Each structure stands twice: as C-alpha cells, then as structure tokens.
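Working notes for the structure below.
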Amino acid sequence: MSAYDDLIAFQRDTEALGQVAGRLSWDQETMMPDGAAPQRAEEFAAMETVLHARRTDARIGEWLASIDEAALDDVGRANTRLIRRSFERNAKVPAELAKKLASASSSAQRKWVEARANEDVAGFLPVLSEMITLKREEAAALAQGGNAYDALLDDYEPHTSSEEVATIFDAMRPRLVALRDKVMGGEQPEPLAHDFDEQKQMRLARKLAKLFGYNMANGRLDKAVHPFSSGSGLDVRVTTRTALRDPFNCIYSTIHEVGHGSYEQNIDSAYLLTPLGQGASLGVHESQSRIYENQLGRSRAFTGYLFGQMKDSFGDFGVADEDTFYKTVNRMNKGFIRTEADEVQYNLHIMLRFDLERDVIAGNLEARDLEEAWNSRFEADFGYGVDKPSNGLLQDVHWSAGLWGYFPTYSLGNVYAGCLNEAMRAALPELDAGLAKGDLKASTGWLKDNLQRHGGLMKPRDLIENASGMVPSEAPLLDYLEGKFGSF
C-alpha cells in the first residue's frame, strides 16, 4: 500500500469514531435520561482523548511527508489538504485541554437546559465562565500570536477572517434596518390564534421532510429543545420542536434541518468516512438549510401548496386564503428568538452575537457581564427590551456547547443562499410551477448536482462560486429580501 492508502485507511477509522461521538451527542439532546449527564461527560472526555490522539498521531505527519501530491487526482489532493489542515490544527491544542473542553461542554449543555427552563442566569454563569476560560485557552493555542477569534472562526468557516465577516455585516446592516423599518411601519397580518395538535404537527413535519428529499431509510426525525442535525453518510438524523400555538416553529425548523440533513445524505457515496464525506463548511451547510427553509419553503408558490396541507391537517385555522397565508408565514414582528426571526431581522440577531463573541474572546467581556451587554445591545438594535433570560442570553445552546466562532456562519449561509437562489432560478424558469404543486425535485436536484454531491472537495467560497457562477456577495441576498418584503 502507498502512504496515501495508509493515511486514508487510518483516517476512515478516525472518521468512524467521530460519527460515534456525534451519536452520543444526538442521544444526549434527544433521549438520554437527565441522571446520566455526569457519566456522559466522562464518556465524551474519553472519546475526545482517543480522537485527539488519532488526529495528532505522528504517523499522519510521516504519511503526509511521503505523499507525492502531484501524482494524486483531485479527490486525493482534497483529502490530503483537509487531513493536513486537521493534523496541524489539532497538534496545536494540548490533549488535556481537548479532554477538558469535551467534558465541560457536555456538562454545560445540561446546565443550559436547566437554566433556560428556570430563567436562571446566575446558576448558569459558573459553567459559562468555565467554558469561556477554556475557549480562550484554545483560541490562544490555535492562534499562536495571531487573532484569537479568527482561530475559532476558522474551525467552522475555513479561510475566512472576522474582518471579512465584519465587512459583509457592515454592508448588510443599513439595508436590513431600512427594510425592517419600512415593513414594520405598515400593516402586518395577525398571528395564528388556534391550538395545533402537536402529534398532527409531527405527522405533517415528516411528510414535508420526505417532500424536500430527506431519506427516512437513513435518517430520523425527533424532538429536541434546540433543533439540530447530526451525522453524515448512511446515518443522518434531524430534530425539530413543537409549540401548541405556533405550527410554523415545527414546520420551518423541520425544513431547515432537512436542508442540513439532505446535504449530508446527498454527498457522493464514494466519499463515505473520508474528510470529503461531509459539508464543506458551516456556512455552506447553512446555505442549504436556509435556502430550503426560506427561498423555497417560504416562497409564495410553496406556501400556496402548504396552505392546503395545513387545512388538511388542522381544518379551518383562521386564515382565509393563500395570499393571506403567505403573508402570515412571512410575517415580520417584534420578537426575541433568533430561530423564529423573519428573514429580514434574522441577520441582525447574528450581528449581535458576533460582536459579543469577539469581545469575550478578546477579554473585553466576562461571563458576568454578558447578560447586561446582550440586553443593552438588543434594545439598541431592535428598539425594545428583553423580557426574560430565555429570550435573551439563555436562548442559544452554542456557547454552552463550546461553539464559539460558529454564529457568523449563519449569516454567511444566508449570503451564500442568496447567490445560489439567483443562479438556481435562472437555471430553472419553471421552478415555481413545481413548488406550487409541492414538487421539490427540480430545486433540490439542482442543489444536489451543483453543490451537495461535492461534499468537502472544494474550499467553501470556491464551492459557492462554482455552483452559482459568481463570487460570493451579500448583494443577491439583499436584492431578494427587498424584492420580497418590499411588495408586502
């Protein structure tokens, strides 16, 4: 066997163990009994110790040094690039720190669930403070004198800096605020005012998941406090949540996570259990969930179909016609929760988190300061105050899970989705006719062929440019939003 073959064989086992660790995390968020939390933290720590040892194994460096990359094909070079990147990155993080982070994040996630349910910021601050200390230590190890926040961001969106993100955000903010103020100044449809049976919500969610191309033979749809997707290849699981008075929470959480799940399911099977067998980045991943949820799922064409499905599932629920339903689905209103925000205001939530994260990692904010900083910034950005912690600091799982540097990828995903949507609609002039009948095959097929099947073969921005035919820019997203909401 060649050095490349030895490297890939070793990597396949590492990837398989990583999938097992992911399944532990899925179980923790969906089915694990609360009393198991201390043991699960130890299990995570043990698994991370094994994974960190494999990812920093000296043989990887030896194999990489022995490989003649010029003799490899595109797949081989991409695999080598990603393995080298992982090896060099993981080698900078001490094994003991990696173990502590795995254990702390497992414990902190359970504490977050309790604190959120009890509106208990004070009870959550000790574990949040511990996580911040560990993430600063990790960032310093990775940055090696460079920008600490960029070192964390690079884990989720490779080859992107916080300065580049800030430039995009600065270009987006004025147009988003102007559009929000214009639309909010007009008449908005009334929110739904009925109870929606939660079992019926889940039945409709499963139907929609299949409609958007999610393969249930290799997946599951379960409930979680914070919806997420998990896994890759032949085992890809998604979650959603229900609210008695808000079926859109379930419907669009499901479609969003199905976008993530379908991306993983549609990657070329030849890449299974290799570095290419997963999404290119979190921003690219988010582009799939957001285009499924918004440009497809909230389009006028598809909501016409969904209106009929809602009536079949729930009977008369107080909305008169398809046009009113479309406006209700896309209703812009005051709210606190990022995941429930309309398309215009969503990115303003991300900008808030992005700025707070950078201040925390830079040492300008401590855990004890975060609630006040969050609430002050929220009121400045949105014009009203946070009413309770679960609508503010405690609403997201990311910081307790150790996912610092993750938030900017949500808005980058929206930017990428704007580019992809423009290209897809140019390529598929009959797209809306299919959506109106609940036929997603053309749109999801275009995304599979042009982006999803490639997995991690290309760098993130190269992949978006290859799929859309344009250098990624915020302009298509802003044009789409102004065209859609400007007509309300």
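Just one of the listed residues (VAL20, VAL93, VAL113) is closer than 24 Å to ALA270 by Cβ and either buried (at least 20 other Cβ atoms within 10 Å of the Cβ) or in contact (Cβ under 8 Å) with a residue 12 or more places away in the chain (or both), namely VAL20. Report whether or not LYS311 is out of contact with any strand residue (DSSP E or B) (no Cβ under 8 Å at 6 or more places or on another chain), surrounded by fewer than 24 Cβ atoms within 10 Å (Cβ to Cβ), assigned to a helix (DSSP H, G or I) and in contact (Cβ under 8 Å) with a residue 12 or more places away in the chain. The answer is no for LYS311. For segment 403-416, filtered to residues that are hydrophobic (A, V, I, L, M, F, W, C) and outside any helix (DSSP H, G or I), the residue that is farthest from the chain's Cα centre (by Cα) is TRP404.
Quick check: is even one residue across segment 283-302 in a helix (DSSP H, G or I), free of Cβ contacts under 8 Å to residues at least 24 places away in the same chain and open to solvent by 30 Å² or more (accessible area, probe 1.4 Å)? No: segment 283-302 contains no residue that is in a helix (DSSP H, G or I), free of Cβ contacts under 8 Å to residues at least 24 places away in the same chain and open to solvent by 30 Å² or more (accessible area, probe 1.4 Å).
Flag: ILE83 matches the condition of being crowded, with 19+ Cβ neighbours inside 10 Å, touching a Pro at 6+ places or on another chain (Cβ under 7 Å) and either at pLDDT 95 or above or under 30 Å from SER129 (Cβ atoms) (or both). In the set (1) touching a helix residue (DSSP H, G or I) at 6+ places or on another chain (Cβ under 6 Å); (2) open to solvent by less than 50 Å² (accessible area, probe 1.4 Å); (3) part of a helix (DSSP H, G or I), VAL238 fails one condition alone, (3).
Considering (1) open to solvent by 60 Å² or more (accessible area, probe 1.4 Å); (2) in a helix (DSSP H, G or I), the lone condition that LEU125 does not fulfil carries the number (1). Checked against (1) under 26 Å from LEU276 (Cβ atoms); (2) more than 24 Å from the chain's Cα centre (by Cα); (3) of a type in the set (A, V, I, L, M); (4) in a helix (DSSP H, G or I), LEU82 passes all but a single condition, namely (2).
Of the residues making up segment 316-325, those that are open to solvent by 30 Å² or more (accessible area, probe 1.4 Å) and either among the β-branched types (Val, Ile, Thr) or on the phi > 0 side of the Ramachandran plot (or both) number 2.
Of all residues being within 16 Å of ARG85 (Cα to Cα) and under 24 Å from the mean Cα position of the chain (by Cα) in segment 144-157, which is surrounded by the fewest Cβ atoms within 10 Å (Cβ to Cβ)? Just the residue, please. Looking at residues that are within 16 Å of ARG85 (Cα to Cα) and under 24 Å from the mean Cα position of the chain (by Cα), I get ASP155. Take the residues of segment 438-488 that are on the phi > 0 side of the Ramachandran plot and either out of contact with any strand residue (DSSP E or B) (no Cβ under 9 Å at 6 or more places or on another chain) or in a helix (DSSP H, G or I) (or both): which is surrounded by the most Cβ atoms within 10 Å (Cβ to Cβ)? Applying the filter and picking the extreme gives GLY438.
Looking only at residues in segment 24-34 that are open to solvent by 70 Å² or more (accessible area, probe 1.4 Å) and either in a helix (DSSP H, G or I) or without any contact (Cβ under 8 Å) to a residue 40 or more places away in the chain (or both), which one is farthest from ARG237 (Cα to Cα)? Filtering first and then ranking leaves ASP34. Just so you know, in segment 358-402 the residues that are part of a loop (DSSP other than H, G, I, E, B) and open to solvent by 50 Å² or more (accessible area, probe 1.4 Å) include one that is nearest to ASP479 (Cα to Cα), and it is GLY383. All conditions in (1) at pLDDT 95 or above; (2) surrounded by 15 or more Cβ atoms within 10 Å (Cβ to Cβ); (3) part of a helix (DSSP H, G or I) hold for VAL183, with the sole exception of (1).
In segment 201-215, is there at least one residue being on the phi > 0 side of the Ramachandran plot, crowded, with 21+ Cβ neighbours inside 10 Å and at pLDDT 95 or above? Yes, the conditions are met somewhere in segment 201-215. Checking each residue of segment 371-388 against the condition of being closer than 24 Å to GLY283 by Cα and among the aliphatic types (A, V, I, L, M) gives no match. Cβ-Cβ contacts under 7 Å between residues 6 or more apart (or on different chains), taken from a first residue in segment 326-342 that is open to solvent by 20 Å² or more (accessible area, probe 1.4 Å) to a second residue that is modelled with pLDDT under 90 and polar (S, T, N, Q), are listed as ARG331/GLN188; ASN333/GLN188.
The values are calculated or read from the model by the stated rules, or taken from the named source; none is laboratory data. None of these values were measured; they are calculated from a predicted model. Quick reminder, even Gly has a Cβ in these numbers, built from the backbone with ideal geometry, and neighbours come from all protein chains shown. Accessible surface is based on the protein model in full, side chains and every heavy atom, while ligands, DNA and RNA are left aside. Shrake-Rupley method; radii C 1.70, N 1.55, O 1.52, S 1.80 Å.
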